[in-house]
Every structure is written in C-alpha cells, then in structure tokens.
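Below: the structure, in structure tokens.
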Amino acid sequence: RSVNIVAFGNERDGFSEDNQQPSLIWSYLGRSALISQINSSLSASHIGNPVFTEYQACVFGNVRLVVYDCPVWDIFDSDWYTSCRLIGGADIIVIKYSVNDKTSFQDLKDSYLPMVKKALNHCSVPVIISAIGARKNGVPCTCPLCTSDRRSCVTTSEGVQLAKELGATYLELHTLNDFYIQKYFGGVLEYFMIQSLNQKSSEKMKKRKKTQKCHRVQPPQLEQPEKMPILKGEASHYNADLHNLLCCCQCADVAFYPEDLSMAVEAHKIILCSVSHLFMLLFGVKSLSDAHDASVVQLAQSLFAVEAGAPFPSSPHGAPPCVPPVRVVVKDSVFCSCLPDILHFIYSGAFQWERLEEDIKKKLKDPDKTEHVLEKVKCILKTPGKLNAVKDCKSHPIKRLYNTPLRLFFNTPVLADVIFKIQGATVPAHRAVLVARCEVMAAMFNGNYLEANSVLVPVYGVSKDTFLSFLEYLYTDSCCPASILQAMSLLICAEMYQVMRLQHICELYIITQLQSMPSRELASTNLSIVSLLKKAKFHNSDCLSTWLLHFIATNYLIFSQKPEFQELS
C-alpha cells in the first residue's frame, strides 16, 4: 500500500534573507511521529534542470509514502508531460505560497491555476492550499517606492477564493512550528491519507469481485510492451538547432561588417530580435517612440549603422536571391572583433555567460577592453526598465529555457518571409526558424524546389489548427493537445515533416490519456481505439501501435463488445 503526495509552489517570499529555512514538506516529514525511514533525492527534467525533490518514507507503520516537492512552477512551461504525470499519479496535492510574495501568487493564479485545472481534468484528488508566513503589516510609508509594498501581502480572502476555484481545503500557517506543522497541517494531510487508503482498499475489493465474475472469457495473451523511449522522456535539442542555424548560415537575412567592410558575419533578424529590444529597434520591429530605455537607443545608434538596400554581394547561403541580407556596420572595432563569440552565445540559448567571458578574455587579452565589450553585451540583452548585472546574465538561461522568446513571433507577420496557405487561410512564418527546427523544411527551402523561391507556400493533407500546433512546437519547443484526436492529428503532421520528438510527445500524450480513463468511460466513449491503432501503424508509430494493441487485449471485455472490434485481424 502506498500514498503519493505532490506539492507545488515556494513557501519562501522573494525578499526573505533566510533561504536556509526548511520547507513545509521537509518540516512535516521531520517532525511527525507517524513518519519513519525518510529518504530524499533530487530529480531533473529531460532538459537537465532540477525540478523536484523526491522523499520516500513510511507512514502508519507499513504504508509507503512518496512525496514530490516541486518549488518551481516553471515545470508546467518546460515539461508539461512530467507535471501531468505527477498530478495523474497523485493521491493528494498540496499548493503552497508565501503570503508576502504577491507577485508569485498572481503568477500562480493567472498562469498556472488553469494548467492545474486542466491536468486534474475530472480527477477527484483532494487539494490542500497552504498560505505560509505572517503578513508584514508594519507602519506604511508614504513614499512612492513603498506604495506597492502595501499591496504585497496576499489576503485571506484571495487565498480562500483560490481554494474555491479548485475545490480545495484552505489553511493558513503563520509559522512552521510544531503546532502548525503537526496539529494543523499534519492533521488535515493525515485525514486525506486515510481517506485515500480506504478508497484504494474499496476499489481493490470491487476489482477482485469483478475479476471473479468474468473469469469465463479469456483475452488474448500478449506480452507487456517493453519500456518505450518516449516514456523516459527525450532530451530537447531546441538550443542546439538554433546554434546549428548560425553555423550553417542558412536563410541569413542580416550581415554585420566592420567599418572597412573587410569581412562579414551573417545572422538572422528573428533570432536577434527575440532576445534583444535593441535589435528590435535596429531592424524596425519597434519604433523609437516605443523605446522606454534611452540607454538602449543610445547604444543602438552609437554601435550600429544599418545600410538597408546598399549594394554588396549576397551570401550564397542566405535569404532568397530577391531579398539580399541587410548590411549592418559595427562602429566599434573591438566589439566587432568579438561579434562571432557574442552571436554563438546568443544562439546557444544565452546561458553560457562564463564561457563568453572566458572567450573574450582570451581574444582581447586586455581587462579594460574585455569589460567594455561585456558591458555592451549586457546592455544589448537588457530588458527595458530593469537593471542588469552579471548575476542577471547568469540566471538568464532559466527564463530562456522555460519561456522561449521565439514565442513572441509565432503566427505574426512581423519579420515573416514565408506565408503558408492552408484551408483558405494564411499563416505567416519565418524561414530561419523552420529550417533550424525541421529537416524536411530545410530541404524544401534550400533545395531545388518551388518553395525555395516562393513567398506563398500551399499546405495540403492537414488542418489549419493542426498545422498551427505544429508550428507552435517549432517556435516554442512545447505543445499541449486539447484531446486524443488532436494529438493523433499532430502526430500525423509530425511524421509527415519528420519531427520525431514531437511525434513521441504526441504518443506519450495519447498513452497517458488512455491510461487515465476509467473502465466505465472506455465502455461508453465514441473514441475508436481500433481507428487509432490503424493510424498509428500507417504512420510508422511503432511504439504507439504496440501499446494500443496491448491496451485492447488488456481491456478485452470492453473492446470486444464494440462494432469496430471486428475490423481487427
């Protein structure tokens, strides 16, 4: 017997100086008299970042307790399927936040609450919302800087409203002492543990009785499918794809030159604009009136000079012949000499700041010049209205990986150089992104095909919604199908364009959704599992077809009563 608990959120406020204080979960496990044999381990997502701590212990003597503590909500952005898997296997869910961190609470309410609801779907899993900390109600200051601080506390009514939206139990823990941990939080948690164990025992008895009644019909004996690679998670190669785009210089639409025009360094507007407001100003994505930071405007004018339309030989690997790359003259010779290293830093995901520092130090061999170049890089990558320090650059990768900046340009005509025509509608896109992320499109736009020199490209054999979901994955490295049928349509599109990781994600989504279906829903659903099996076979989805065949055999009594069952050989 076992109980699985999943905890989301960070109980520490962002301004607290005591970052070593134990978490709510660890405090409960360490103090409860019912808990014994505690072990913990740090687990990572498929992109290699620590996501949650796993605790294993014994409760009520011989019941196995497994707790996953996820302090970072970004797991829903970076690894939707891991978060769904955690919620799907949970017997109890704990959502915790600091009452003194209004910003994090607002992010939870606006961005992640809908995701939690979607992941819960129709599951009747008990949810505990824990508001932690004593509200800082000091004497309010009247200066402008402190006006916002008076609203930085999360009120009780806001927490109760959040609990109502999830149908959750709301608790306020003013401090993590013995009373609040053991008697208050522990009492509620242990009540739900007992309820979960009782429910599991009841379901086990019902299943045993049902099996005894149905012993007369024997389903086919098929071997359990081997552990499929898609269930282990496939590593993302999003940043590697963009870096390869810089190395091969396909679809380059901008070339940087020194003032003597002696050499050229090619790049892509879409990538540069996605990470920097300075480049948005430089290439006309934003106007000077939109700029909120004078230092960025001043740097753009002093560092670069755009000479659009100037006659110079275009690159054989660049944009279509009719659209030569834009020439940009770099006025600072020292900065220009380091530009290849800076571009490699940007295209690699802008998270190897120490490596960039080391490369520039080796190249310049002058501390003053090195500092000069690095300060300009920081200013280029700076978000308007926020101060940037080296530590900001070092923490930049987390935001880059969890919130890919190319999302800003998905399905927008800004900088678009290709338009897909599908089902009478048009969808703008960017060749550089498509070529970097999809080998089939790379061959299509750079080979001896009609599309290589066409702006309007027709698409057949797929719906507009499915194709948009496919493009969204190319731009953001994530997708979230709304249903099993949509996931199958997206799988077919991914197979058509040979994007294997997306195909595996769709396979995993279909398997996860079918596994979570209760028998009653399987018996009444209009979804044809046999039809899914045929499509999986036809589109070379061997993992999914093998799993579906075993799923049909495992639920033989249900599927043998359906009309489409006769279509199976």
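The values are calculated or read from the model by the stated rules, or taken from the named source; none is laboratory data. This is a predicted model, so every value here is computed, not measured. We place every Cβ from the backbone using ideal geometry, glycine too, and count neighbours over all the protein chains shown. Just so you know, the surface numbers come from the protein's heavy atoms only, side chains and all, with ligands and any DNA or RNA stripped out. Shrake-Rupley method; radii C 1.70, N 1.55, O 1.52, S 1.80 Å.
Details
- Of all residue pairs spaced 6 or more apart or on separate chains, those with beta-carbon atoms under 8 Å, a first member in the stretch 336-355 that is more than 18 Å from E375 (Cβ to Cβ) and of a type in the set (F, W, Y) and a second member that is assigned to a helix (DSSP H, G or I) and open to solvent by less than 10 Å² (accessible area, probe 1.4 Å) are Y347/L242; Y347/L245; Y347/I271.
- Test: residue in the stretch 548-557 that is touching a helix residue (DSSP H, G or I) at 6+ places or on another chain (Cβ under 7 Å) and loosely packed, with under 15 Cβ neighbours inside 10 Å: no
- Helices (runs of 4 or more DSSP H) contained entirely in the stretch 503-566, each with at least 2 residues that are more than 20 Å from C480 (Cα to Cα), modelled with pLDDT under 90 and not small (G, A, S): 519-524, 542-554, 556-559
- 2 or more residues open to solvent by 20 Å² or more (accessible area, probe 1.4 Å) and out of contact with any Lys or Arg (no Cβ under 8 Å at 6 or more places or on another chain): qualifying strands (runs of 3 or more DSSP E) within the stretch 417-489: 418-422, 425-429
- Selection from the stretch 496-524 of residues that are more than 30 Å from V433 (Cβ to Cβ) and surrounded by 14 or more Cβ atoms within 10 Å (Cβ to Cβ): L514, S516, M517, L522, A523
- Criterion applied to L549, L508, L533, L568 was being closer than 27 Å to D477 by Cβ and either aliphatic (A, V, I, L, M) or without any contact (Cβ under 8 Å) to a residue 40 or more places away in the chain (or both), and the one residue passing it is L508.
- Residue check, Q486 in contact with an Asp or Glu (Cβ under 7 Å, 6 or more places away or on another chain) and closer than 30 Å to A240 by Cβ: no
- When A134, A163 are checked against the criterion of being more than 27 Å from Y509 (Cα to Cα), open to solvent by less than 10 Å² (accessible area, probe 1.4 Å) and modelled with pLDDT of 85 or more, a single residue qualifies: A163.
- Check on L299, in contact with a helix residue (DSSP H, G or I) (Cβ under 6 Å, 6 or more places away or on another chain), under 20 Å from C273 (Cβ atoms), at pLDDT 80 or above and outside the structural domain of A436 (by the TED database): yes
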